[in-house]
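Let me begin by presenting the structure, written as structure tokens, before commenting on it.
The values are calculated or read from the model by the stated rules, or taken from the named source; none is laboratory data. What you see is a predicted model; the values in this text were computed from it and never measured. Glycine also receives a Cβ, built like all others from the backbone with ideal geometry; neighbour counts cover every protein chain displayed.
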């Protein structure tokens, strides 16, 4: 459990823009009346309830999406994803606190529009940078959108507030990295950082990351986190109430990530308490 001093430090550094919030699908556990899939398994089950796939891959998201893409059409995958994330959950208090902070860059690794809604409600100007599927946007790795959803011709600069969605998002254009082939294309280039926007590469330099609602129990999530963190600072935190798997523990040690062993909801309450004086100013 983090000390009060550590919580104050994290809150202060998020506000100062020296800590980058990195959000995973379990952030949705903080939202009420949830109507979107909140885990890869839930999303796989949603898709395979609509389209028949072989039993052995029904619970494997990327493989199920690839099967649908191969035997139906890429448009079928996009349609299912749009249907799955058509509803926007009401942002939780933690979503709002992070959106109202001075973080400057937020990384969101799930497909829902919840954090984008929190940023819109914060009243600040922001741009969204999304990963693009090569099957639909060959040669273009990222798309840029204004907070109004309008596509932008130019990549933002570090002085602008940026929501980075490396796997794409429901809004505003239904861009998704979800099938095996989507990830194969990205993973062949990610070691040399090609799919990661230059503005993200510039912003992360020397900064720390705060992982919220993330697990690192599969190779894909570890790979994305590792490459997005590259050339950042040597000090990071992850709220991870579950005992880490062997590979998670190795990853945390390798990346100098301090585990905060407490439920996300409890962390959220303490974080909001720590930011209360700042938010009141």
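Here are some notes:
- In this structure, residue 102 does satisfy being surrounded by fewer than 18 Cβ atoms within 10 Å (Cβ to Cβ), closer than 30 Å to residue 8 by Cβ and touching a residue at least 60 places away in the same chain (Cβ under 8 Å).
- Of the residues in region 56-64, at least one is outside the structural domain of residue 274 (by TED's automatic domain parsing) and surrounded by fewer than 16 Cβ atoms within 10 Å (Cβ to Cβ).
- Of the residues making up region 15-44, those that are part of a helix (DSSP H, G or I) and in contact with a strand residue (DSSP E or B) (Cβ under 9 Å, 6 or more places away or on another chain) are 26, 27.
- Residue list for region 159-201, filter: in a helix (DSSP H, G or I) and within 13 Å of residue 129 (Cβ to Cβ): 198, 199, 200, 201
- Any hit, region 168-186, residues being over 20 Å from residue 106 (Cβ atoms), without any contact (Cβ under 8 Å) to a residue 40 or more places away in the chain and in the same structural domain as residue 12 (by TED's automatic domain parsing): yes
- Listed by first and then second residue, the pairs linking a residue in region 140-158 that is on the phi > 0 side of the Ramachandran plot to a residue that is buried (at least 17 other Cβ atoms within 10 Å of the Cβ), with Cβ atoms under 7 Å apart and 6 or more places separating them unless they lie on different chains, are 149/171; 149/172.
- Some residue of region 67-89 being surrounded by fewer than 22 Cβ atoms within 10 Å (Cβ to Cβ), assigned to a helix (DSSP H, G or I) and in contact with a strand residue (DSSP E or B) (Cβ under 7 Å, 6 or more places away or on another chain): yes
- With respect to the conditions (1) part of a helix (DSSP H, G or I); (2) in contact (Cβ under 8 Å) with a residue 60 or more places away in the chain; (3) touching a strand residue (DSSP E or B) at 6+ places or on another chain (Cβ under 9 Å), residue 249 lacks only one, and its number is (2).
Rundown of residues vs (1) more than 19 Å from the chain's Cα centre (by Cα); (2) at pLDDT 95 or above, yes/no style:
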{"residue": "180", "(1), (2)": "no, yes"}
{"residue": "189", "(1), (2)": "yes, no"}
{"residue": "198", "(1), (2)": "no, no"}
{"residue": "214", "(1), (2)": "no, yes"}
{"residue": "225", "(1), (2)": "no, yes"}
{"residue": "240", "(1), (2)": "no, yes"}
{"residue": "250", "(1), (2)": "yes, yes"}
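- Reported count of residues in region 142-152, each being in contact with a strand residue (DSSP E or B) (Cβ under 8 Å, 6 or more places away or on another chain), assigned to a loop (DSSP other than H, G, I, E, B) and either modelled with pLDDT of 95 or more or exposed (fewer than 14 other Cβ atoms within 10 Å of the Cβ) (or both), is 1.
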